[in-house]
């Protein structure tokens, strides 16, 4: 199997060399056909059979193909240009894609605060895709880069190993991830909507197109320039949403603890004038003219309550006594308001000992 | 007589004909031609012919992913291709009957 795989690579390399005077996009298209052909043929080969025996040498194959396709005969290229350049366009494009995906992941964690940061990976992506857009749907040249082959080896462990089963399982989840990704991106767009309409439109467009891009990238690798960064952005947004939610939860816990309203502690309010005389029928309002109601409710008085309706913000509130299932309103005990220690005349008798000046309790309108 | 020489002139027609009903990838087309009786057809000639018909706008192509091995590029005939197929068939029919007539005279 390995020697056959080597044979395939060798044969394809010979083909590419024999075609390298043709336009790169045409070569890419031809190689797409030929790769599948040679790969399928190599599985049909007998024990000691080689590809050359079935198809002839790569040069013969290339020559027959050229004449049938109507391409001009092979022209010799200068040896300089056939030398492998270290920084070829496919390589630059592949690295551009990898870097842009990484940058998108980082930018995604900040995208909700500053969506314009996504322009940076966007520019890298457009530039790197422009380098190889004319090289065909399978991007054979990028797939033949040594670094790509290395990654492919990592991603295809031997059959039957746990790693292989795990990867196969993850692959089966791919369509679900495409939906989850669109959902995350959509969530990000919604979170942006109130603050940055351009960012909202941008991320929402990515969310919509990403649904289409996932399956498309399977057949046209150029869609990877969209699909991979979209995944990175979704993961980045997920991190950020988790981070923000955690912050909010912590903040809410703290604020609930700190902002215990003081009102619920009061069952009643007693107002005294400066002479220590209890004021009755005091109506309390806040600065907006809303009644200030002590939170305690008058429970238990049913519909046929004999008592007249009392405004809830009139103080001191009458005490309610429950006897035999009915309520009785009892005038507050003027001399000693009981049950709450915080009320002003806490020192038992009539006058408050501290010289607190009376507060104005009229509506401030 | 060497049929491969004859084939050169009509391979376009043969390839269009086997794609008439079903789309096919390169090796598929080779197999259909061989199954149809063109045993001598060369793999590379078929691939070259597919490229030429594609570049002439008579075929469209799309890639189908494959779990094992490289993706397969399928070719399908479009309207231009169908028109060409119909024309070429007429040309071939009249050419073949002309030649048949000539050969009959020789035999007679």
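Remarks
- Residues within segment A:42-66 that are assigned to a helix (DSSP H, G or I), more than 7 Å from every other protein chain (Cβ to nearest Cβ) and closer than 19 Å to residue B:50 by Cβ, tallied: 5
- Scope segment A:17-27; condition under 45 Å from the mean Cα position of the chain (by Cα) and more than 14 Å from every other protein chain (Cβ to nearest Cβ); matching residues: A:20, A:24
- Looking at B:57, B:69, just one residue is at the interface with chain A (Cβ under 7 Å from one of its Cβ atoms) and part of a loop (DSSP other than H, G, I, E, B), and that residue is B:69.
- Breaking point among (1) modelled with pLDDT of 85 or more; (2) closer than 19 Å to residue A:131 by Cα, for residue A:87: (1)
- Every condition in (1) free of Cβ contacts under 8 Å to residues at least 40 places away in the same chain; (2) in contact with a strand residue (DSSP E or B) (Cβ under 8 Å, 6 or more places away or on another chain); (3) more than 17 Å from residue A:65 (Cα to Cα) holds for residue B:50 except the one numbered (3).
- Filter result for residue A:282 (surrounded by 11 or more Cβ atoms within 10 Å (Cβ to Cβ) and modelled with pLDDT under 85): yes
- Test: residue A:110 is in contact with a helix residue (DSSP H, G or I) (Cβ under 7 Å, 6 or more places away or on another chain), part of a loop (DSSP other than H, G, I, E, B) and not assigned by TED's automatic domain parsing to the domain that holds residue A:22: yes
- Which listed residue, of A:187, A:237, A:249, A:201, is in a helix (DSSP H, G or I) and buried (at least 19 other Cβ atoms within 10 Å of the Cβ): A:237
The values are calculated or read from the model by the stated rules, or taken from the named source; none is laboratory data. Predicted, not measured: the structure shown is a model, and the values here were computed from it. Because the Cβ atoms are built from the backbone with ideal geometry, glycine has one as well, and the counts that use them run over all protein chains shown.
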